[in-house]
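Asker: My questions all concern the structure below.
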Amino acid sequence: MIIITILLYGLIAGLVTGLGAVISISIKNITNKILSISLGFASGIMIGISALSLIPTSLDMSNSIICIAGFAAGALFLFLVDISMPHIHKVEADLSNYAKMGVFYRARNHTA
């Protein structure tokens, strides 16, 4: 029964991801406002998942020191990836260059 639940959740996640791709492909002109809302929404979802699901589950499985250590290790890893990978900040590029970093922009160009 647990395997069916896992498969069902995976299917739902895949369908919602596909729906998001269809929505982003259907947007003809990507403005700063649309891009900002999309990025803010995605970051809010990620923070919500972390705070409401992952951290409480970690605390249930072990103690707070291990949870904090894992959180710190993840933050350090992301920091190291950020400083070691080349990237463009929005203030350094125009909208078209910034939007090209998104998969939805490339996918839309391939369908046109």
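Asker: Please count how many residues of the range 55-110 are open to solvent by 100 Å² or more (accessible area, probe 1.4 Å), over 20 Å from the mean Cα position of the chain (by Cα) and either at pLDDT below 90 or under 30 Å from GLY18 (Cβ atoms) (or both).
Answerer: 3
Asker: Next question. Of all the residues that make up the range 8-54, how many are in contact with a helix residue (DSSP H, G or I) (Cβ under 7 Å, 6 or more places away or on another chain) and surrounded by fewer than 10 Cβ atoms within 10 Å (Cβ to Cβ)?
Answerer: Residues flagged as in contact with a helix residue (DSSP H, G or I) (Cβ under 7 Å, 6 or more places away or on another chain) and surrounded by fewer than 10 Cβ atoms within 10 Å (Cβ to Cβ) within the range 8-54 amount to 0.
Asker: When you go through (1) farther than 30 Å from ALA75 by Cβ; (2) among the hydrophobic types (A, V, I, L, M, F, W, C); (3) modelled with pLDDT of 85 or more one by one for ILE25, which number turns out not to apply?
Answerer: For ILE25, the exception is condition (3).
The values are calculated or read from the model by the stated rules, or taken from the named source; none is laboratory data. Keep in mind that this is a model prediction, so the values were computed, not measured. Counting neighbours? That spans all protein chains shown, and the Cβs are built from the backbone with ideal geometry, glycine included. Heads up: the accessible areas ignore ligands, DNA and RNA and are worked out on the full protein's heavy atoms, side chains in. Shrake-Rupley method; radii C 1.70, N 1.55, O 1.52, S 1.80 Å.
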